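Worksheet for the structure shown next.
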Amino acid sequence: MMRIVLLGAPGSGKGTQAQRLMGKYGVPQVSSGDLLRDAVARGTELGKQAKSVMDAGQLVSDDIVLGLIRERLSRADAANGFILDGFPRNIDQANSLNALLEEIGQPLDAVLLLDVRNETLMQRLAGRRICPKCGTVYNIHSLPAGATTCEKDGTELYQRPDDKEEVIGKRLAVYDQQTKPLIEHYSKLGLLRKVAGEGELEEVSERMEAAALAKPVPASKVKVTKTPAQAKRKNPAVKSAKPAAKGASKAASKAKSSKAKTKTKSKPKSAAKSKAPAAKGKAARKSAKKSSKAAARSTKKAARKAPAKKAARRPTKARKKK
Ligand code: AP5
Ligand code: MG
C-alpha cells in the first residue's frame, strides 16, 4: 500500500521516480501530464482543448484534469494505492484531491518533494526523450552516444513539444507561481517530505523510498527514555530540592567574583539541603500507603518537624550571617 503525491518542478524526476516505485510496489503511476498527452494523441474533444494550453506551458483547467484523475483513480489497479505525478498543481486542485480521496476512503500517506536546482532542471528537460510506446523516460546525456530508440522495445524516441527551450522557461515560471505554494500547504498538514533530487537515479530512488515508507509517529505514542536528571524531577520528593539546586548554581556563578571564596563554602550545605527533603517525601509516601489520608497528613506534620527541615534552612541562615 502506497498513496503518495510526487511534487516538484518540471524535470525534477517525478515521472522517472514514479516508474521505479511503481515497478517495486505494484501501485500505478497516475500522471496528469501522461493522461492529458494520451487524450491529445487520441484526438478526443478534451485532448483538442488541452493541446494548445500544454504547448504554451500553461496549466490546463482544473475541471478537465480533475475529471481525468477521478476516472483513473476509480480503476481497479488503484484500489490499493497510487503514485500521483504532476497532480495536484495548485491549491484548488489540492483541495479537490482531498475531497476525492475522502470520498473513496484513500487518504494520502505522504507528499514527496523532489528538490532540484534550476540549472539542472533546464539541462534535464532539454535532453529528455521518451518512448511513445511504453512511456520510458530517457535523457540524451545518459543514453549511449547516437542512441535514438527505446532500450525495451526498440521504438523511436520522441521529444515532448513543451521541452523546447522557450516553453521550458514558461513552465518553470508557472511552477513557481502556482505549484510552489503547495509546499507550505502540505507542510502544514504534516505530509511533506523533502528529497534531494540530484545524484544517480538509484540514489534518488533510495531516498524516495525511505521518505515514502517513513511513517510519522503520533505524538501520543512518542516515548522518550528519561535521563536520570529528568526522572528525579518527576519525583515529588525531590521537587523541593529545586531551590537548593538554584542556590548551588548561584554560588557557582558568584564564585567568579571577588567574594568567590565565601560563596563556595556554602556549596556542601546546599548539597545537604537537597538530600533532606527527599528523606521527608519517602517517609510521607510510606505512611500514606499504610493508612488513611489523615494518617498521611500527620506523617507529613511529623516530617516537617524533623531535623531534615533544619538542615534545609541552614544555607539561608549562613548567607544572612555573612
Ligand atoms: P507534466 O507531464 O506533469 O510535466 P511537468 O510537471 O512539467 O514535469 P515533467 O514531466 O516535465 O518532469 P518530471 O518531473 O516528470 O521529470 P522526468 O522524470 O521526466 O505536465 C505537462 C503539461 O501538462 C503541463 O505543463 C500542463 O500544461 C499540463 N498539466 C499536467 N498536469 C496538470 C495539472 N495537474 N493541472 C493542469 N495542467 C496540467 O525527468 C526529466 C529528465 O531528467 C528525463 O530526461 C530524465 O531521464 C532525467 N532525470 C530524472 N532524474 C534524473 C537524475 N537523478 N539524474 C539525471 N537525470 C535525471
Ligand atoms: Mg513527468
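Computed from the coordinates by the stated procedures, all read-outs in this text should not be read as laboratory data. As the structure is a prediction and not an experimental result, all values here were calculated from the model. Cβ sites come from the backbone with ideal geometry, for glycine too, and all protein chains shown count toward neighbours.
Look through the stretch 190-213, keep the residues that are touching a residue at least 24 places away in the same chain (Cβ under 8 Å) and part of a loop (DSSP other than H, G, I, E, B), and return whichever of them is farthest from Ile4 (Cα to Cα).
Filtering the stretch 190-213 for residues that are touching a residue at least 24 places away in the same chain (Cβ under 8 Å) and part of a loop (DSSP other than H, G, I, E, B), the one farthest from Ile4 (Cα to Cα) comes out as Glu198.
Quick one: in the stretch 118-135, which of the residues that are outside any strand (DSSP E or B) and crowded, with 17+ Cβ neighbours inside 10 Å is farthest from the chain's Cα centre (by Cα)?
So the first thing to find is which residues in the stretch 118-135 are outside any strand (DSSP E or B), and the list is 118-127, 131-135.
Checking which are crowded, with 17+ Cβ neighbours inside 10 Å leaves us with 121, 124-125, 131.
Numbers: Leu121: 24, Arg124: 27, Leu125: 28, Cys131: 34 Å.
This residue is Cys131.
Identify the residue in the stretch 29-50 that is under 25 Å from Asn80 (Cα atoms) and surrounded by fewer than 20 Cβ atoms within 10 Å (Cβ to Cβ) and, among all such residues, is farthest from ligand 2 (Cβ to nearest atom).
Residue satisfying both the conditions and the ranking: Asp38.
I need every pair where a residue in the stretch 56-75 that is in contact (Cβ under 8 Å) with a residue 60 or more places away in the chain has its Cβ under 6 Å from the Cβ of a residue that is surrounded by 14 or more Cβ atoms within 10 Å (Cβ to Cβ), sequence separation at least 6 or different chains.
Gly57/Asp162; Gly57/Val167; Gly57/Lys170; Gly57/Arg171; Leu59/Arg89
Would you say Ile168 is in contact with a strand residue (DSSP E or B) (Cβ under 8 Å, 6 or more places away or on another chain) and not in a loop (DSSP other than H, G, I, E, B)?
No, not satisfied.
Hey, could you check the stretch 153-168 for residues that are surrounded by 12 or more Cβ atoms within 10 Å (Cβ to Cβ) and within 11 Å of Met122 (Cβ to Cβ) and say which is farthest from ligand 2 (Cβ to nearest atom)?
The qualifying residue farthest from ligand 2 (Cβ to nearest atom) is Ile168.
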